[in-house]
Amino acid sequence: MIHVSNLTKHYGDFQALKNVSFDVAKGEILGFLGPNGAGKTTTMRILTGYMPPTSGTVTVAGYDVTTDSLEVRKRLGYLPETVPLYPEMTVWGYLDFMARLRGVDKRERRIDEAMEKVRIADHADVMIGKLSKGYRQRLGLAQALLHDPEVLILDEPTIGLDPRQIIEVRELIRGLAQDHTVILSTHILPEVSQTCTRVLIINEGQIVAEGTPERLMARLKGAERIFVQLAGADGNEARRLFQSMDGILAVDDKGNGAYEVECALGTDKRPEIARAVVNRGWGLLELRPVGMSLEEIFLKLTTE
């Protein structure tokens, strides 16, 4: 669906993108992550045809963004971080205006379908200036869907929303993936883990990791971590017990009988820990592996 190959972009002497390559499959929700200045916005602008690359190729549904820009734009829907809305217009009036600008065929039917998809049809006659932030985001999604694009690019789609609105927009995005390929650019890491099927992390103009959050965790772990919760144990004695076991690298006392034990990569010390705890007559309340969070993965990949 989307193919990016050896993409580079120079701003004078500064190289913003350095041979960036990735693919996005049909029906996929790709989370595009990166710290400020990493090259994320530049990549999005090239994908949408807003600016040309210095070198490299980008194709959307087989069309090159440089040589077939108009064909690419027909197949792209874009939701910017700040949606350009007109508060004096009604929801229907705005969508009709946008559909006319795009030359959409069967305009009324497409407007109805877009409003139904984002569940805003009951607000068709409401003035935009009276809409909540959540409904404005829905309206932004509706305008991006008017021409039934194959690809949706969403920039910070839940920023500024309350928790309930965030859940609603996430559900909308997951539903849209049934008919569209989605690229979700965001700084909100839980957004990616709860919405996206795959993650791509860019830093200093280069792709530093891509895959599912689970695969990234498996790739980046340098040690196994185990959480242990005890009852009736002496804290110092428990810590000494864990430290005396072969293959245990560190013990972090979390307080209230809780410990995080770091073990050598590829070792599972849970059976040994369980036996030792039971033999001492302590209560074993919890024993489980601890995975890296997406935040930890992101920080490890984007900091020196």
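Just to verify a number: FRET efficiency for Arg100 and Glu296, C-beta to C-beta distance, R0 = 45 Å, to 0.05? The calculated FRET efficiency here is 0.40. At q = 0.11, 0.27 Å⁻¹, work out log10 I(q)/I(0) for region 209-283 with the Debye formula, treating every Cα as an identical point scatterer and leaving solvent out; two decimals please. Listed by q, the Debye log ratios stand at -0.31, -1.28.
Cross-link reach is defined here as a Cα-Cα straight distance under 17 Å, omitting same-chain residues fewer than 8 places apart; for Lys300 the lysines meeting it are Lys221. Region 273-304 and region 95-145 have Cα centres spaced 48 Å apart.
Kirkwood hydrodynamic radius computed over region 13-116 comes to 16.3 Å, based on all pairs of distinct alpha carbons.
Dividing the Cα radius of gyration by the Kirkwood radius, what Rg/Rh value follows for the chain? On the Cα set of the chain, Rg over Rh gives 1.11. Between Asn256 and Asp23, the C-beta separation translates, for a Förster distance of 51 Å, into a calculated FRET efficiency of about 0.60. Using every pair of separate Cα atoms, the Kirkwood estimate puts the hydrodynamic radius of region 152-250 at 17.2 angstrom.
Taking the three principal axes of the alpha carbon atoms in region 1-59, the coordinate ranges are 37, 24, 19 Å, sorted in descending order. For a modelled paramagnetic label at Glu88, 7 Å from Cα along Cα-to-Cβ, the residues of region 102-134 in reach, with backbone nitrogen under 16 Å, are 127-130. Taken over region 2-217, lysine pairs spaced eight or more positions apart, or on distinct chains, with alpha carbons under 18 Å apart number 7. In plain terms, the chain from Tyr11 to Thr212 could stretch by 69.2 nm, reckoned as 0.36 nm per residue minus the Cα-Cα distance. Taking each residue as 0.36 nm, the span from Glu71 to Leu285 lengthens on full extension beyond its C-alpha to C-alpha distance by 71.0 nm.
Computed about its Cα centre, the charge dipole of region 30-122 is approximately 160 debye, with only Lys, Arg, Asp and Glu carrying charge at their Cβ.
This model, with +1 at the C-beta of Lys and Arg and -1 at the C-beta of Asp and Glu, gives the chain a dipole about its Cα centre of some 200 debye.
Averaging 1/r over each pair of different alpha-carbon atoms in region 128-194 and inverting the result gives 12.4 Å, the Kirkwood hydrodynamic radius. In this label model, Thr54 and Gln178 are separated by 4.4 nm, measuring between points 7 Å along each Cα→Cβ vector.
Quick check: pseudo-label points 7 Å beyond the Cα along Cα→Cβ at Ser132 and Glu116, how many nm apart are they? Spacing of the two 7 Å Cα→Cβ label points: 2.5 nm. Placing unit charges on each Cβ (+1 for Lys and Arg, -1 for Asp and Glu) gives the chain a dipole about its Cα centre, and among Leu139, Leu294, Ala250 the Cα reaching farthest toward its positive end belongs to Leu139.
Each reported figure results from applying straightforward, stated rules to the coordinates on display, with no laboratory input. Source: prediction; values computed, not measured. Positions of Cβ are generated from backbone atoms using ideal geometry, with glycine treated the same way; all protein chains shown enter the neighbour counts.
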